[in-house]
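Asker: A single structure is presented below for examination.
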Amino acid sequence: MAPLTWEESGCILKQLQTAAHLVHRNLDQASRSDDKRTLRVLLLKILSCLQEFRQTINVVFLESDHERTDQQEFCCSVDVIEEKLEHIAELLVATQTRTRSKIPTIKSIQQECFRRVQDELAAVVQMNEILASHNLLFVDSTNKERLKLLVTRLRQQEQQLEFHHGLLKAQRQSSDSDTGYSAENFAYGSTPFPTWLDLFTQKPVLDVIERDSKQATLTVFGSSSGSLVFFAALALGLRSAGVEILEFLHDLAEQTRKDLQIPKTKCCFKCADMLTVSVQETSILLLTSQCWDATLYQQVQHKLEAELQPGTLVIDYKDTLQSSPHFQLLHQLPHQRVSWNNSQSFFIFQRVLQ
């Protein structure tokens, strides 16, 4: 068997994720108890395999030799990996049989990944047409070129083994430290430029930009490697700030800012716990909350209720703020593509007077 590569491993994970999604969807639609039972068992097997294979990838590619335990050494042996791949192949066949749907091949996943990057770059090229349709200023050639370089850089970065090694190390250090946050809170994901552009040209966002004119500001809680901050600064001219607790991701964002020669007056990054950063002066607050646990989200919600000025927008990946009397849901934008989901919903809230 040829050695498993990092890129192939990522594609296999996507195959398993697709299989889990298909089986879950069919389980929801199944009417016969026998079918439900069979699909439920298959789904549990896929999810278990997905977790085990992800752990195997971490050991094989992301753990240094001295960090491995004897058990991990065994798990990444050639025979064990080959056995896992055979089990995965069986699960994928079973999924296709039970759901009557196709699982994408590794090659087709690679082609789709390339196509999505090209779609992002095409959206950058065409964005002035969209901005003009909303009476927004054109992006000049310098910032358009910066956006192209940014998209290319970020997507290449996300495919690099070195990036994921550094990210895993940072996630473990932060979840093991005295922050009190679980590892799930540090999960990584990205939102492509076309999705961002669609989101930030919704009427509630445009109204705030027009209302505050040159004073409009954006703050991103959980800014990761900086894409959402850069998009707003370069495409809309918003004064934008990113807050990221993982120093590894903060440093990548700051290095990108320097390499693209974007002044700090346009966008800046702060390595800090978002609970300690004031948002009293921001016009728009973007929460990358998809993986935040309930405890963390409740702390964030209390902070926003205490600090945000009436009229401030909160853009969120979840609808949790609907339960708060301090926020009004202005708009929901469904069926948007993000790195972990092809049908993500976004929610635009406004802080209201009580």
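Asker: Can you tell me which of 308, 287, 329 is touching a Gly at 6+ places or on another chain (Cβ under 8 Å), aliphatic (A, V, I, L, M) and within 23 Å of residue 238 (Cβ to Cβ)?
Answerer: Values: 308 fails: touching a Gly at 6+ places or on another chain (Cβ under 8 Å); 329 fails: touching a Gly at 6+ places or on another chain (Cβ under 8 Å).
Testing whether each residue is touching a Gly at 6+ places or on another chain (Cβ under 8 Å), aliphatic (A, V, I, L, M) and within 23 Å of residue 238 (Cβ to Cβ) leaves just 287.
Asker: Would you point out the residue of segment 119-130, among those that are surrounded by fewer than 17 Cβ atoms within 10 Å (Cβ to Cβ) and in contact (Cβ under 8 Å) with a residue 60 or more places away in the chain, that is farthest from residue 9 (Cα to Cα)?
Answerer: 130
Asker: Let me ask another. Of the residues that sit in segment 268-291 and are touching an Asp or Glu at 6+ places or on another chain (Cβ under 7 Å) and of a type in the set (S, T, N, Q), which one is nearest to residue 243 (Cα to Cα)? Let's see the steps before the verdict.
Answerer: Looking only at segment 268-291, we keep the residues that are touching an Asp or Glu at 6+ places or on another chain (Cβ under 7 Å), and these are 269, 271, 278-280, 283, 287, 289, 291.
Those left that are additionally of a type in the set (S, T, N, Q): 278, 280, 283, 289.
Numbers: 278: 11, 280: 14, 283: 15, 289: 13 Å.
Checking each candidate, the answer is 278.
Asker: Oh, and also: Quick one: residue 353 ticks every box in (1) more than 21 Å from residue 296 (Cα to Cα); (2) in contact with a strand residue (DSSP E or B) (Cβ under 8 Å, 6 or more places away or on another chain) bar one, so which box is it?
Answerer: Unmet for residue 353, out of (1) more than 21 Å from residue 296 (Cα to Cα); (2) in contact with a strand residue (DSSP E or B) (Cβ under 8 Å, 6 or more places away or on another chain): (2).
Asker: Any idea which of 264, 270 is out of contact with any His (no Cβ under 7 Å at 6 or more places or on another chain), over 20 Å from residue 138 (Cα atoms), outside any helix (DSSP H, G or I) and without any contact (Cβ under 8 Å) to a residue 12 or more places away in the chain? Steps first, answer last, please.
Answerer: Numbers: 270 fails: without any contact (Cβ under 8 Å) to a residue 12 or more places away in the chain.
Just one listed residue meets the conditions, 264.
Yes or no, residue by residue, for (1) assigned to a loop (DSSP other than H, G, I, E, B); (2) within 22 Å of the chain's Cα centre (by Cα):
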residue: 282; (1), (2): yes, no
residue: 285; (1), (2): no, yes
residue: 306; (1), (2): no, no
residue: 311; (1), (2): yes, no
residue: 321; (1), (2): no, yes
residue: 325; (1), (2): yes, no
residue: 333; (1), (2): no, yes
residue: 336; (1), (2): no, yes
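Asker: Since residue 173 meets every condition but one in (1) within 15 Å of the chain's Cα centre (by Cα); (2) within 30 Å of residue 293 (Cβ to Cβ), which condition does it not meet?
Answerer: In the conditions (1) within 15 Å of the chain's Cα centre (by Cα); (2) within 30 Å of residue 293 (Cβ to Cβ), residue 173 misses (1) alone.
Asker: Which one of 213, 224 is assigned by TED's automatic domain parsing to the domain that holds residue 286, in contact with a helix residue (DSSP H, G or I) (Cβ under 7 Å, 6 or more places away or on another chain) and on the phi > 0 side of the Ramachandran plot?
Answerer: Criteria check complete, one pass: 224.
Asker: If you check 43, 50, which single one turns out to be among the hydrophobic types (A, V, I, L, M, F, W, C) and closer than 22 Å to residue 82 by Cβ?
Answerer: Values: 43 fails: closer than 22 Å to residue 82 by Cβ.
Exactly one residue qualifies, and that residue is 50.
Asker: Which of the following residues is modelled with pLDDT of 90 or more, in a helix (DSSP H, G or I) and farther than 14 Å from residue 4 by Cα: 90, 73, 82? Spell out the reasoning first.
Answerer: Working: 73 fails: modelled with pLDDT of 90 or more; 82 fails: farther than 14 Å from residue 4 by Cα.
Criteria check complete, one pass: 90.
Asker: Then there's this: Could you list, ordered by first residue, the pairs with Cβ atoms under 8 Å in which the first is in segment 26-44 and closer than 18 Å to residue 96 by Cβ and the second is among the small types (Gly, Ala, Ser) and surrounded by 14 or more Cβ atoms within 10 Å (Cβ to Cβ), at least 6 apart or interchain?
Answerer: 39/30; 42/94; 43/20
The values are calculated or read from the model by the stated rules, or taken from the named source; none is laboratory data. These numbers were taken from a predicted model, which means no experiment stands behind them. Neighbour counts run over all protein chains shown; Cβ positions are idealised from the backbone, glycine included.
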